[in-house]
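To start, the structure itself, in structure tokens.
The values are calculated or read from the model by the stated rules, or taken from the named source; none is laboratory data. Owing to the predicted nature of the structure, the values given are computational and were not obtained by experimental measurement. Here the Cβ positions follow ideal geometry from the backbone for every residue, glycine too, while neighbour counts run over all protein chains shown.
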Amino acid sequence: MKHANQRAFMLLAVLAAVALAVAACGGGGKSGGSSGGNGGEPSESGSKASSSAASDLKPYQLKLVYEGPPQADEAKVEEALNKLLTEKINATIDIAPIDWGAWDDKMNLLIASREPADVLFTAQWNGYAKNVAKGAYLELGSLLDQYGQGIKDSLDPAFLEGSKIKGKNYGIPTNKELASAGGIVYRKDIADELGLDMSKVKTIEDLDAIYKVVKEKKPDMIPLYTTGGVFAAHYFVEFDFLGDGTIPGAILKSKDDTTVKMAEEFDEYKHALKVARDYFQKGYINKDAATTQLSSQDAYKAGNVFSTVEPMKPGKADEIANAAGLGGKLAQITLTGKTVATSETAGAMLAISSTSKDPARAMMFINLLHTDKEINNLLNFGIEGVHYTLNGDIMTPTAATPQYSPGVAWELGNQFLNHVWNTEAPDKWEQFKAFNSGAKSSPGLGFVFDGEPVKAEVGALANVIKQYQKPLETGSVDIDKVLPEYVAALKAAGVDKVIAEKQKQFDAFLAAK
């Protein structure tokens, strides 16, 4: 435990500096994730490290698996990427997205079957720590040192430090915003058409009057579409699950209490469930919310969705709108405070699969996503002149219905290299810096839970969560009946032991501060 405390203290020191940068919104240098280290621009050393001696490398096909909707022009983009990747690292690529609703099942199967892959998307909220414990991802220390210099040059050190497990990196974080908030994205054109004053929406209860009008005047439109947590989502209730959002035991980022509890014991969580249940019964929420695999992005494309609950950041609505072919028609409202926790450093990462036959090449590719603007934008937005035109750094889509628009730039590399859509604010990345200003730091900032001592219980709890969580959080079932059943099932699966272990480790971390 002595070594663990020393590591925790060192980690806290690094992340405390980030907290100060977040609160002050410092500029320049490497102050804060939003600054993108050196501004997110590729360093000369990084570019050379990733592409040196390409001719000496044997040809290799990389398989990239990320969470997002498959695209019609995927093969065209692969062909364009292959030309660049062959030149730089003598590699080609197989882009293999898994749609949102199918992600958990298909990724669990991919890992369990030991299917060959190279680069995998991961995050603290979708099983990062559990998959590390399963041996799904490679430890990246030496690979990062040898082939990831551009990553280290451009990414704030707090991202790499804050996403470690037992002092080791198993994922490379996306260079993006560091603060977190919750809110809604909605169809501004529909709100204007119906005369809705969205400026009056300050709380989730205020949405009732809005959704009532939408349901009455647009009966074929779903007022609130969701595939999951609604108002009980971790970013909305402001939970800090202390390292892995899929392992029970949380504190509130917005408060100073360090008592670890089940999420289901918090009044804030119970209130979120009640509002969701009320809205579901009123017909505001899609009836298949607990089972659908249709992403909100695809639902927006269908044209019958008024709003969705989303994690907020500057330009969130514009990003969704452009991916869904609704440029300029969506707007956003933030309904929570701004917080920052260790989880934000691991909120979107790329890991190297332990089944990769060339981990070095996989790290070279991730390094390019952090340093090479052409490759980064090609993967994220498609081919210039085919999927968009470019004026300076401003993109204009070439078609009303995009044939390549994954909408997952926040998953893939360095967002500060991204072009900006013509419907987005030209100063989007400056807004990211301002967004981090004044964020409340979680008491758990710097702490990462080690689930190894309770891995059997964590596995059993995952099955219980899968059965109960979505129906409850989408408002699809009777809370008074099902919530007690859920809690009883969690306790039978060992949740109290997991909470106790998490509290023990967290107390040791706090004592070492």
May I ask you to say which residue of Ser405, Ser356 is crowded, with 21+ Cβ neighbours inside 10 Å, touching a helix residue (DSSP H, G or I) at 6+ places or on another chain (Cβ under 8 Å), small (Gly, Ala, Ser) and modelled with pLDDT of 95 or more?
Ser356
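Which one is modelled with the highest pLDDT, of the residues in the range 128-173 that are basic (Lys, Arg) and within 21 Å of Glu115 (Cα to Cα)?
Of the range 128-173, the ones basic (Lys, Arg) are 130, 134, 152, 164, 166, 168.
Restricting the remaining residues to those that are within 21 Å of Glu115 (Cα to Cα) gives 130, 134.
Values: Lys130: 86, Lys134: 90.
Among residues in the range 128-173 that are basic (Lys, Arg) and within 21 Å of Glu115 (Cα to Cα), the one modelled with the highest pLDDT is Lys134.
Which fully enclosed helices (runs of 4 or more DSSP H) of the range 176-251 have 2 or more residues being within 30 Å of Asp507 (Cβ to Cβ)?
Numbers: elements: 188-194, 207-217, 234-237.
Filter on the range 176-251 gives 234-237.
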Filter the range 417-428 for residues that are surrounded by 23 or more Cβ atoms within 10 Å (Cβ to Cβ) and under 20 Å from the mean Cα position of the chain (by Cα) and give the result.
Leu417, Asn418
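Counting just the residues of the range 248-272 that are aliphatic (A, V, I, L, M) and in contact with a Phe, Trp or Tyr (Cβ under 8 Å, 6 or more places away or on another chain), which one comes out nearest to Ile479 (Cα to Cα)? Step through it out loud before you land on a result.
Residues of the range 248-272 aliphatic (A, V, I, L, M): 250-252, 260, 262-263, 272.
The next check asks that each one be in contact with a Phe, Trp or Tyr (Cβ under 8 Å, 6 or more places away or on another chain); those that pass are 250-252, 260, 263, 272.
On the way: Ala250: 21, Ile251: 22, Leu252: 22, Val260: 23, Ala263: 15, Ala272: 11 Å.
Ranking the candidates gives Ala272 first.
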Given the options Ala321, Ala362, Ala346, name the one that is buried (at least 24 other Cβ atoms within 10 Å of the Cβ), farther than 30 Å from Ala117 by Cα and in contact (Cβ under 8 Å) with a residue 12 or more places away in the chain.
Ala321
Give me the pairs, please: first residue somewhere in the range 297-316 and buried (at least 19 other Cβ atoms within 10 Å of the Cβ) and modelled with pLDDT of 90 or more, second residue anywhere and among the polar types (S, T, N, Q) and in a helix (DSSP H, G or I), beta-carbon distance under 6 Å, and either six or more positions apart or on two chains.
Thr308/Ser296; Pro314/Gln431
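To keep it simple, each residue is scored yes or no on (1) modelled with pLDDT under 95; (2) surrounded by 22 or more Cβ atoms within 10 Å (Cβ to Cβ).
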site: Phe447; (1), (2): yes, yes
site: Pro453; (1), (2): yes, no
site: Ala460; (1), (2): no, no
site: Glu473; (1), (2): no, yes
site: Pro484; (1), (2): no, no
site: Ala489; (1), (2): no, no
site: Val498; (1), (2): no, yes
site: Asp507; (1), (2): no, no
site: Lys513; (1), (2): yes, no
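Among the candidates Ile172, Ile165, single out the residue that is within 17 Å of the chain's Cα centre (by Cα) and crowded, with 21+ Cβ neighbours inside 10 Å. So that I can check it myself, show each step before the final result.
Numbers: Ile165 fails: within 17 Å of the chain's Cα centre (by Cα).
Result: Ile172 is the single residue among Ile172, Ile165 that is within 17 Å of the chain's Cα centre (by Cα) and crowded, with 21+ Cβ neighbours inside 10 Å.
If I ask for residues that are touching a residue at least 40 places away in the same chain (Cβ under 8 Å) and either surrounded by fewer than 23 Cβ atoms within 10 Å (Cβ to Cβ) or over 16 Å from Ile352 (Cβ atoms) (or both), which ones from the range 138-149 would you list?
Within the range 138-149, the subset touching a residue at least 40 places away in the same chain (Cβ under 8 Å) is 138, 140, 143-144, 146-149.
Listed by number, the residues that qualify are Leu138, Leu143, Leu144, Gln146, Gln149.
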